[in-house]
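The values are calculated or read from the model by the stated rules, or taken from the named source; none is laboratory data. Just so you know, these numbers come straight off a predicted model, no measurement behind them. Using ideal geometry, Cβ is built from the backbone for each residue, glycine included, and neighbour counts are taken over all protein chains shown.
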Amino acid sequence: RPFVTDDARLSTAGSCQVEAWARVYQHSHELWALPACNPWGNFELTFGGSLAKTDGQNATLDSAIQAKTLFRALKTNDWGLGMALGKISHSDLNPGPNQYGNTYGYIPASLSLWDDDLILHANIGVLHDKESKRNNMTWGLGSEIKLKPNLLGVAEIYGDNRSNPYIQLGFRYSVIPNLFQVDSTYGQQIDG
């Protein structure tokens, strides 16, 4: 999903899912695909990447790998808590086969209210930026608001301790509930 703020949920045990999306900016675009599998019930492994193209430049490939687990699964009218660790490798920044790229970790927490009519998400984490050799504190706050049985309103604000935050608003429509959903969001950097 195009949310940056993650939730304290995993894909269904014994199954895989694919999150794929496109991001369109004024002078560039990105195509992402992140397959995730949960083989045992409380462990999800994601591996995928993106193709990015900026006007007048060659396309770049990014790869991502992430492991996620839950300490407490989110249930209706309850809360959940998890942990995720991962790496993102940027081909143009990391030449050579042994360059791993940016490393990150975060804690996702989620809260269900009013029989899942409102679900709130919060993340706190750290990202080690290989290019700048700095650690950035990352954060995010998100929400899912049930508008109709198959339609959610989504909103989030997220960022790090070194730059202005970003905001996104949009909708999530479940074409086939619990199987296929379509999201559309609009966002930008605040004062950016």
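Table for the structure above
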{"item": "The listed residue being surrounded by 14 or more Cβ atoms within 10 Å (Cβ to Cβ) and either over 27 Å from Ser63 (Cβ atoms) or out of contact with any strand residue (DSSP E or B) (no Cβ under 6 Å at 6 or more places or on another chain) (or both), out of Ser163, Ser174", "result": "Ser174"}
{"item": "Long-range neighbours under 6 Å by Cβ, at least six apart or interchain, first residue at negative phi within region 43-68, second outside any loop (DSSP other than H, G, I, E, B) and among the basic types (Lys, Arg)", "result": "Glu44/Lys68; Ala59/Lys53; Ile65/Lys87"}
{"item": "Residue count, region 123-153 (criterion: at pLDDT below 95, assigned to a strand (DSSP E or B) and among the acidic types (Asp, Glu))", "result": "1"}
{"item": "Filter result (closer than 18 Å to Arg9 by Cα, assigned to a strand (DSSP E or B) and free of Cβ contacts under 8 Å to residues at least 60 places away in the same chain) within region 154-180", "result": "Ala155, Ser174, Phe180"}
{"item": "Residue check for Asp117: free of Cβ contacts under 8 Å to residues at least 40 places away in the same chain, closer than 24 Å to Gln168 by Cβ, buried (at least 17 other Cβ atoms within 10 Å of the Cβ) and acidic (Asp, Glu)", "result": "no"}
{"item": "Some residue of region 94-103 being touching a strand residue (DSSP E or B) at 6+ places or on another chain (Cβ under 9 Å) and in contact (Cβ under 8 Å) with a residue 40 or more places away in the chain", "result": "no"}
{"item": "The one condition in (1) touching a Ser or Thr at 6+ places or on another chain (Cβ under 7 Å); (2) under 24 Å from Leu113 (Cβ atoms); (3) in a strand (DSSP E or B) that Asn77 fails to fulfil", "result": "(3)"}
